[in-house]
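For reference, the structure discussed in these notes is given below.
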Amino acid sequence: MDTLNLLLDGFSNALTPQNLLYACIGVLLGTFVGVLPGIGPAMTVALLLPITYGLDATQSFIMFAGILYGGMYGGSTTSILLNTPGESSSVMTAIEGNKMAKAGRGAQALATAAIGSFIAGTIGTLLVAFFTPAIAEQAVKIGAASYFAIMLLSVVLVTSVLGESKLRGFIGLFIGLTIGLVGLDLSTGQPRLTAGMLELADGIDIVVVAVGVFAIGEALWTAAHLRRRPIEVIPVGQPFMRRDDWRRSWGPWLRGTAIGFPFGAVPAGGAETPTFLSYVLERRLQKPGKDQEQFGEGAIEGVAGPEAANNASAAGMFVPLLALGLPVTATAAVIIAAMRTYGIQPGPTLMADQPELVWTLLASLLIGNTLLLVINLPLAPLWARLLQIPRPQLYAGILFFASLGAYSVNQDPYDLALLLVFGGVGFAIRRFGIPVLPLILGVILGPLMEQKMREALDLSNGDISGLFNEPLAVFVYVLIVLVVVAPYVLGFIRSRRSAP
Amino acid sequence: MTVVIGYVPNQYGEAALHLGLQEAASRQLRVIVVNASRGDAFVDKKFVTEQALRDLDERLTATGVDHRVHQSAGVDVGDEIVRVAEQNHAELVVIGIRPRSPVGKVLMGSVAQTVIMDAPCPVLTVRPDVL
Amino acid sequence: MTTPVTTPAPRVDRAQYGLAALLAVVGVYTIVDARGLNVGFGDPIGPRVFPYVIGAVMILLAVLLAVATSRGDVPEAEAGEDVDLTVRADWLTVGKLVGVMVLNLLFINLLGWAITGALLFAGCAWSLGSRTLVRDLIVGAVMSVSSWYFFWVVLDVPLSPGILDGIL
């Protein structure tokens, strides 16, 4: 009951006419940028970060909620209409969604995606509201040693579970950790890795890193390999659903939500696996024969389920973000960067220190989600027209806004140079197949990990046992070992078995 | 000898196609229909889809005229029409044109202008409203 | 995915050796830099340990990458909606874009965002193959001037006006 009251308080903070206006602007901008091909939610949020600078924390979070959901919906619009998913989480949506669109049912596909996202987002956010306080309450009691261990677990998970090559994952992580080192050491005030440059003493603005790696790096990489062929255009009408579509959609929506949320809440869960699982599940659940054959030919269940799973996992990521200060996706990492620009350090104490802010954020997520449905269903045909923007102007626009964003932080050309450097880093990691997420996690969690490690070791007077003197920490280290070692052991057993 | 028709799937392209076929029939010429796109946008409404391309081919077959449909992406549309005309020693190029103000022409560029200036043969232009 | 270029069977991505070398240099520099730090009195850990660990692991990763490369490990370059990996990297375009962005950062304080922003947009579009220069300049000018006013009026952030000071 307490939670409900707090959430209602959050609503009363968020629901002023002015704030609703910011939410609307957020949804429109987020969808606008998200629809544009080649731009995923993380890049959308990073590009639009600077326009919230002049606002106070509450207003900017409200706008963010809109941008986040708008960006995600924009991404699924592109994948349904063009069969070119912007990111791995939309791959499953694209399979059936594009088939539906080609069969003239694009409007229904967009509608089931939008309504499914709304339902999953709403249920997911409510779950966040009920889980987070309890977890945060426990998390406050966690000592420095255990907190360090948990952060270590999440970076190891993200680095070794996702992606093809573990080696490249760790390279990305350590590039990020090195970037995180730059600046003054917090406890002794000595500059590290600044090469004598005064500008670097304050550390590198995480916004510049995110915009450089996501936006500039992506634009340069794409420029080097620009595709020169238009894709078949699919006309879109007003999205609506027939009675039959509703009947077939609601099951997948709820099941997708149930699958997606837990994955979003754990590190390395992401949206990829749950969308895939949801797709497979919906396919299995069809009656054998005619219904099952529809899969692959444009089955509405195949859009409804994965889309719901995608959004539920996006909501799930707020649990570790708000309760522990752990970002588990690239988008979450950018949101943490945004919170830091307001001097807010997400972590176990956030719930206790600034409850009003957290509850307002949760309420704004619900509002943003609702506005998304109200605004975007009628606007779908308009968004589809954005796809006619020529690529040169599109990527020129990305570079324009990325530069504007980096410059507006301090109005210093130095930041533009830094932006270009990180654009180069972003280009290189794409060239060498190094994943982006571990790098960004390294930048964000590195300083925090060092701080906790030193706290723990200070208590033990420098003795290494300080890292292991809490039961929880030991348990987490065992988990880490299992995660790293288990695949090899399993592989070994399997090869023994298959051997004659 | 051939007549090259610049085609886009709208009223301007249809006008060019209509007039081009008439000319081809009266002069006993072969027809090459050209559709092209710079291909720099994700979606280009002037680029004929595969299905529509087959339909177009069937339509031409039905008229009984000796024809070929040529499509390319990633090229300047005007240059491509001129290139095809040169390559096939065209006797005539037919294109549809739209009314455009001088300012509009500066801003948007003009395929028609490129074709008229650079074509190796006479160019016949047509507005849909005069047909 | 088939490789379009004719390459002999054991393909070695030489550029990866360069990356490995760069990572090793970064690792060594991190350690050397950390050696210069003072550990305060009564501070059992100090600011050195973390950089030491990071630098050491970085060097280790560099070695592992070099070994993996020599064994024929090739990276899987990132694909995307607008990315066509079957064509060779177009370094000229990338170079032009970087050049335009460098010009922007050099002249932004002198000329002001309203001017360099417009040139940035038009220059980038031109580098990427747009041939409607006049239109791009107009679009760029509209975008840069309106963003200047947006930051000034709505967000209360004055971007550099440059030589247009007093006119804007």
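Each reported figure results from applying straightforward, stated rules to the coordinates on display, with no laboratory input. Not measured: the values here are computed from a predicted model. No Cβ is skipped: glycine too gets one built from the backbone with ideal geometry, and neighbour counts run over all protein chains shown.
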Next item on the list: Give the relative contact order (percent, whole number) for segment A:332-455; include only Cα pairs under 8 Å separated by 6+ residues.
Entry: 23 percent
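Explain nothing, just the number: relative contact order of segment C:91-164, from Cα pairs under 8 Å at least 6 residues apart, as a whole percent. Walk me through the numbers on the way to the answer.
On the way: 81 pairs, mean separation 28.7, N = 74.
Rounded, it is 39 percent for segment C:91-164.
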Next item on the list: Any chance you could tell me what percent of the C-alpha pair distances in segment A:375-500 go past 18 Å?
Entry: 78 percent
Check: What are the ³J(HN,Hα) values, in whole Hz, obtained from phi via the Karplus relation 6.51 cos²θ - 1.76 cosθ + 1.60 with θ = phi - 60°, for each residue of segment A:441-452 in sequence order, with x given for Gly and Pro?
Finding: 4, x, 4, 7, 8, x, x, 5, 5, 4, 4, 5
Note to self: Please list, ordered by chain and number, the residues whose modelled amide H lies under 5 Å from the amide H of B:Ala41; skip anything fewer than 5 residues away on the same chain.
What the structure shows: A:Arg391
Next item on the list: Return the long-range amide H neighbours of A:Gly325 (sequence gap of 5 or more, or a different chain), with a cut-off of under 5 Å between placed amide H atoms.
Entry: A:Gly347
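Can you check how the C-alpha radius of gyration of segment C:15-70 compares to 2.2 N^0.38 Å, as a plain ratio? Numbers along the way, then the final one.
Numbers: Rg = 13.8 Å, N = 56, 2.2 N^0.38 = 10.2 Å.
With N residues counted in segment C:15-70, Rg over 2.2 N^0.38 Å equals 1.36.
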Notebook entry, point to check: Could you give the distance between the Cα centres of segment A:9-26 and segment A:202-225, to the whole Å?
Noted result: 31 Å
Notebook entry, point to check: Cα gyration tensor of segment A:359-413, axes a ≥ b ≥ c as square roots of the eigenvalues: rounded (a/c below 1.5), prolate (a/b > b/c) or oblate?
Noted result: oblate
Item checked: Cβ neighbours within 10 Å from other chains - mean over C:141-153 -> 2
Notebook entry, point to check: For the residues A:Arg168, C:Arg14, C:Arg131, what sequence is obtained by ranking on other C-beta atoms within 10 Å, fewest first?
Noted result: C:Arg14, C:Arg131, A:Arg168
Next item on the list: Compare the peptides C:54-60, C:27-33 by average per-residue count of other Cβ atoms within 10 angstrom and give them in order, highest first.
Entry: C:54-60, C:27-33
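Hey, which of these cross-link pairs are over 25 Å Cα-Cα: A:Lys141/A:Lys166; B:Lys45/B:Lys105; A:Lys102/B:Lys105; A:Lys99/A:Lys166? Present the calculation step by step, with values, prior to reporting the outcome.
Working: A:Lys141/A:Lys166 33 Å; B:Lys45/B:Lys105 19 Å; A:Lys102/B:Lys105 35 Å; A:Lys99/A:Lys166 35 Å.
Cα-Cα > 25 Å for A:Lys141/A:Lys166; A:Lys102/B:Lys105; A:Lys99/A:Lys166; rest within.
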Item checked: Inter-chain Cβ neighbour average for residues B:32-42, partner chain, 10 Å -> 6
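Output the antiparallel fraction of DSSP beta bridges having both residues in chain B, as a percent to the nearest 5. Don't skip to the end; give the middle numbers.
Values: 0 of 20 bridges.
That works out to approximately 0 percent antiparallel.
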Item checked: Where N is the number of residues in segment A:1-128, Cα Rg divided by 2.2 N^0.38 Å -> 1.15
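For the ranges B:72-80, A:365-373, what's the packing order if you count other beta-carbon atoms within 10 Å of each residue, average per peptide, and put the highest first?
Most protected by this proxy first, the peptides run A:365-373, B:72-80.
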Notebook entry, point to check: Which whole-Hz couplings ³J(HN,Hα) result when phi for each residue of segment B:36-41 is put into the Karplus expression 6.51 cos²θ - 1.76 cosθ + 1.60, θ = phi - 60°, listed in order with x for Gly and Pro?
Noted result: 8, 8, 5, x, 9, 9
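Rounded, prolate or oblate, given the Cα gyration tensor of segment A:299-437, with a/c below 1.5 counting as rounded?
Numbers: a/c = 1.61, a/b = 1.06, b/c = 1.52.
Cα axes put segment A:299-437 in the oblate bin.
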Notebook entry, point to check: So for the protein assembly as shown, taking the charge dipole from beta-carbon charges (+1 Lys/Arg, -1 Asp/Glu), which of C:Gly162, C:Leu137, C:Ala21 sits furthest toward the positive end?
Noted result: C:Ala21
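Please give the average number of partner chain Cβ atoms lying within 10 Å of the Cβ of each residue in A:164-175, rounded to a whole number. Could you put the intermediate results ahead of the total?
Working: counts 2, 5, 0, 6, 6, 0, 6, 9, 1, 3, 13, 5.
Going residue by residue through A:164-175 and averaging, the value is 5.
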Next item on the list: Be a star and scan segment A:133-147 for residues whose amide nitrogen sits under 16 Å from the point 7 Å along the Cα-to-Cβ vector of A:Val474.
Entry: A:143, A:145-147
Notebook entry, point to check: Out of A:Leu4, A:Phe130, A:Thr329, whose Cα points farthest toward the positive end of the dipole of the protein assembly as shown (charges: +1 Lys, Arg; -1 Asp, Glu; placed on Cβ)?
Noted result: A:Thr329
Note to self: Quick query: amide H of B:His67 versus all other amide H atoms, modeled in the peptide plane; which residues come in under 5 Å with a sequence gap of 5 or more or a different chain?
What the structure shows: B:Val31
Check: To the nearest 10 degrees, how steep is helix A:301-316 against the longest Cα principal axis of chain A, on a 0 to 90 scale?
Finding: 20 degrees
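Among B:Thr49, B:Thr114, C:Thr69, A:Thr222, which comes first, second and so on when ranked by fewest other beta-carbon atoms within 10 Å?
On the way: B:Thr49 14, B:Thr114 17, C:Thr69 20, A:Thr222 26.
The order, fewest Cβ neighbours first, is B:Thr49, B:Thr114, C:Thr69, A:Thr222.
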Check: In percent, what relative contact order does segment B:2-130 have, based on Cα pairs under 8 Å that are 6 or more apart in sequence?
Finding: 34 percent
Check: What list of ³J(HN,Hα) values in whole Hz, one per residue of segment C:152-166 in order, does the Karplus curve 6.51 cos²θ - 1.76 cosθ + 1.60 (θ = phi - 60°) give from phi, with Gly and Pro shown as x?
Finding: 6, 7, 7, 9, 6, 10, x, 7, 5, x, x, 6, 8, 4, x
Item checked: Calculated [θ] (222 nm, deg cm²/dmol) that DSSP helices of n ≥ 4 give over the protein assembly as shown, each run adding -39,500 (n - 2.57) -> -21500 deg cm²/dmol
Notebook entry, point to check: Taking one equal scatterer on every alpha-carbon of segment C:91-164, how large is log10 of I(q)/I(0) by Debye at q = 0.20 1/Å?
Noted result: -0.82
Next item on the list: Determine, for A:Ser154, A:Ser160, the number of other Cβ atoms within 10 Å of each Cβ, and report the residues in order from fewest to most.
Entry: A:Ser160, A:Ser154
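When a/c reaches 1.5 or more, the comparison of a/b and b/c decides; with that in mind, is chain A rounded, prolate or oblate per its Cα gyration tensor?
On the way: a/c = 1.44, a/b = 1.30, b/c = 1.11.
Rounded shape, in that the Cα axes give a/c under 1.5.
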Item checked: Between segment B:6-54 and segment A:282-344, the Cα center-to-center distance that results, in Å -> 44 Å
